[in-house]
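Comments concern the structure below.
Each reported figure results from applying straightforward, stated rules to the coordinates on display, with no laboratory input. Just so you know, these numbers come straight off a predicted model, no measurement behind them. Every residue, glycine as well, gets a Cβ built from its backbone with ideal geometry; the counts of neighbours run over all protein chains shown.
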């Protein structure tokens, strides 16, 4: 693995055209990037075999056939690719690494070639002609390597004339791998934790309450107002489901403080749940419908138990995809909630309503030290929506940002909205053993950011995803930005919101980070 | 003798094309899509999805936005082929429909557009390193097959003239289950042979992209998951989970 302290290795980023110029193929460049495999107990907790099965080959082939029966996307996508090449330059990991197997179509082909061999006429009788191949241990290893270099961001799906989504293939591949006993440590360990404690961190209710107490104290010190962060309060109207990173990581916490202030100012009753103290759902990353359902179900249970009327999700990208697009399927129907509100609702939808109705008092000048841009998180941008209008997932966060800060600029149109680049850490890759890949994968986003820094003096970038925030705070220093150049959208809301009865001039002084 | 063989092959190829493609399409239609996975920009109504698919089918909207060169060649080829196919209806209709007669002169030019598109796509496959990397022999062969059809077609008027009325007579015969004589010239036999090959490989090759396009959940689903619950049969049969939180916290 490349040393992480050498900034030069990941350059150049002084010329934006250089990065968006497609790299020359560097065959095998990332062939040795093999994320840690899960221990047997972690696989078994999710209902998978602990170790590689002796008859793994038969099981894998059968699983592939089963998925083709159960999932139209998998079946159709494997059949319809014409190898036109439109997707080949779209993946941030390909742009960052040059490894041809990180081109979306080539990544799909790792599995498609095997599927053809066992499930299609042409592949059975003319394997060479159509590029079909047998399933071997080498192929299985190759799957593990390269399907864990896909963040399931769907940028390729937008570019494909047939809507072929590599994320679907990648999820299926991971499910096949899990079904033969080859799981990924990062994802499987975390899903296990959720099943036991209710969150990815393994934080128990007592520790969570203690953390929230500290945060309430900070809020009182900062604002002079008693802003509460309730936990497990039965009878509250709103259940807030937020990524557990919001409880301990920077800049996530500042976003949580923002939600609390908005709820306080709006005068609504709300609560967190210790049983469902996690918005993220890593079941999606491993393509396991059953695990995703089980994790989602906790939210339903918590909502029923607490007797809430509404569910609101905090800032989290993949979580919002699961919430917006899948939750009704996985844990519905939600006929016991108030049908006058979207189920579930995004915190930004709530905040924007409060701002637009004038109920939230805003002092934009509190954010005058920041020149902002917005990073569209991939799964929000391409796998979900917000608001009442189509494209609301792009407009709602921008409207909120423009309402709370004076200086805002968008990045290059090819790198935002539905064309946004993944941060480089999504899809279950936010683990230190993939740091090299993460830094390289962040390159396109960093280049677009550098461009607006040069043109408009942009100092900070806001995001609405826990993974994006963690990823950027780690990799931005490699590209010459401070680790606090990444901010939560609700951190900016938090700075700007004026609370009744609060002491003036207590909003924390924005810290500016000198670039480089 | 050869005419009989071609007649039989045409019937076989037609059955392959219709039954094979039909079975695949039925399979796509019957395979459930367990989750809502529309990809942005995703319409929130059925009408919006219809408009989206019209954009994709008529001018390859996504391809237009993602790769202009492939788009140019793809449009030349597909629209060229469409006109050529319409032009060929005159070999299957008697009397020839007026609008098919009208299109005849354009049809000749359309063949050139089709050829230009095919050659462009072939050149990209060889010249662009990324596309060469992802190409299998079948990807080249498919283009060569189509190029062969166009070339042999043109040769019938440019190199070795074929009596097309006789060909038409053969085709009309097929439609009435009668075997009539084909002109015994290499170019027409090659032309028809390649077309028969194309019809047979259609359902077992990537040519299935044409019907497959209409079954991609990412493009055809309506983005309305919050409003309407989407549940497939197999997902509905999973063991139920309890609504109450299990006691004692453990597990």
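Roughly speaking, what is the stretch gain from residue A:185 to residue A:357, that is 0.36 nm per residue apart minus the C-alpha to C-alpha distance, in nm to one decimal?
Values: separation 172, 0.36 × 172 = 61.92 nm, distance 4.62 nm.
Extra length available between residue A:185 and residue A:357 comes to 57.3 nm.
Helix A:205-223 sits at what angle to the longest principal axis of chain A, using alpha carbons and giving 0 to 90 degrees rounded to 10?
50
Please compute the contact order of chain A in relative form: average sequence separation of alpha-carbon pairs under 8 Å and at least six residues apart, divided by the residue count, as a percent.
Details: 984 pairs, mean separation 95.9, N = 516.
Over chain A, the number comes to 19 percent.
May I ask you to derive the FRET efficiency for residue B:127 and residue A:226 from their Cβ-Cβ distance with R0 = 51 Å, giving the value to the nearest 0.05?
0.15
How do the peptides A:354-362, B:234-242, A:295-303 rank, highest first, by the average count of neighbouring beta carbon atoms within 10 Å per residue? Walk me through the numbers before you get to the answer.
Values: A:354-362: 15.4, B:234-242: 10.1, A:295-303: 22.4.
In decreasing order of mean packing, A:354-362, B:234-242, A:295-303 become A:295-303, A:354-362, B:234-242.
Over all residues in A:383-389, what is the mean tally of Cβ atoms on other chains that come within 10 Å of each residue's Cβ?
Numbers: counts 8, 7, 9, 0, 0, 1, 1.
Mean shielding by partner chains, rounded to a whole number: 4.
Averaged across A:94-105, how many Cβ atoms of other chains sit within 10 Å of each residue's Cβ atom? Write down the numbers at each step before the final one.
On the way: counts 1, 0, 0, 0, 0, 0, 4, 1, 0, 4, 1, 4.
Counting Cβ atoms of other protein chains within 10 Å of each residue's Cβ and averaging gives 1.
Given a Förster distance of 60 Å, report the FRET efficiency between residue B:119 and residue A:41 from their Cβ-Cβ distance, rounded to the nearest 0.05.
Efficiency at R0 = 60 Å is approximately 0.55.
Looking only at the stretch A:97-122, which residues have a backbone nitrogen under 13 Å from a spot 7 Å from the Cα of residue B:27 in the C-beta direction?
Answer for the stretch A:97-122: A:115-122.
What spacing in nm lies between the two simple spin-label points modelled at residue B:72 and residue A:432, each 7 Å away from Cα in the Cβ direction?
Reported label-point gap for residue B:72 and residue A:432 is 5.1 nm.
Give, in nm to one decimal, the length gained when the segment between residue B:94 and residue B:18 is fully stretched (0.36 nm per residue of separation minus the Cα-Cα distance). Walk me through the numbers before you get to the answer.
Details: separation 76, 0.36 × 76 = 27.36 nm, distance 2.36 nm.
Answer, rounded to one decimal: 25.0 nm.
Please state the shape class of the stretch B:177-251: rounded when a/c is under 1.5, otherwise prolate if a/b exceeds b/c and oblate if not, all from the C-alpha gyration tensor.
Prolate, since a/c reaches 1.5 and a/b exceeds b/c.
Which order do the peptides A:263-273, B:170-180, B:61-71 take when ranked by the mean count of other beta-carbon atoms within 10 Å per residue, highest first?
Going by the mean number of other Cβ atoms within 10 Å, highest first, we get A:263-273, B:61-71, B:170-180.
Nearest 5 percent is fine: what portion of the DSSP beta bridges confined to the protein assembly as shown is antiparallel?
Rounded to the nearest five, the antiparallel share is 10 percent.
Sum -39500 (n - 2.57) across every DSSP H segment of at least 4 residues in the protein assembly as shown, then divide by the residue count to get the 222 nm mean residue ellipticity, nearest 500.
The per-residue figure over the protein assembly as shown is -16000 deg cm²/dmol.
Sequence gap at least 6, Cα distance under 8 Å: using those rules, report the relative contact order of the stretch A:409-497 to the nearest whole percent.
27
Pairing the Cα long axis of helix A:185-197 with the longest principal axis of chain A, what angle in degrees results, from 0 to 90 and rounded to the nearest 10?
50
For a test of the definition: using alpha carbon positions, the gyration tensor, and the 1.5 limit on a/c, classify the stretch B:1-83 as rounded, prolate or oblate.
oblate
Report, to the nearest 10°, how far helix A:137-147 tilts away from the longest principal axis of the Cα atoms in chain A, using its own Cα long axis and a range of 0 to 90°.
The helix A:137-147 is inclined about 30 degrees to chain A.
Taking 0.36 nm per residue of sequence separation and subtracting the Cα-Cα distance, how much length would be gained by fully extending the chain between residue A:134 and residue A:365, in nm to one decimal? It would help to have the intermediate numbers written out before the result.
On the way: separation 231, 0.36 × 231 = 83.16 nm, distance 6.31 nm.
So the extension gain works out to 76.9 nm.
Go through A:400-408, A:436-444, A:52-60 and give me the packing order, highest mean Cβ count within 10 Å leading.
Highest mean packing first, the order is A:436-444, A:400-408, A:52-60.
Where a ≥ b ≥ c are the square roots of the eigenvalues of the C-alpha gyration tensor, would you call the protein assembly as shown rounded, which needs a/c under 1.5, or, failing that, prolate if a/b is larger than b/c, or oblate? Mind dumping the intermediate values first?
Values: a/c = 2.11, a/b = 1.92, b/c = 1.10.
Since a/c reaches 1.5 and a/b is larger than b/c, the shape of the protein assembly as shown is classed as prolate.
I'd like the FRET efficiency for residue A:141 and residue A:290, computed as 1/(1 + (r/R0)^6) with the beta carbon distance as r and R0 of 30 Å, rounded to 0.05.
After rounding to 0.05, the efficiency reads 0.70.
Can you pull the one-decimal nm distance between simple spin-label points at residue A:207 and residue B:82, each 7 Å off the Cα toward Cβ?
So the label points at residue A:207 and residue B:82 sit 6.1 nm apart.
Just tell me how shielded A:124-131 is by partners: mean number of partner chain Cβ atoms within 10 Å of each residue's Cβ, no decimals.
Average per residue, whole number: 3.
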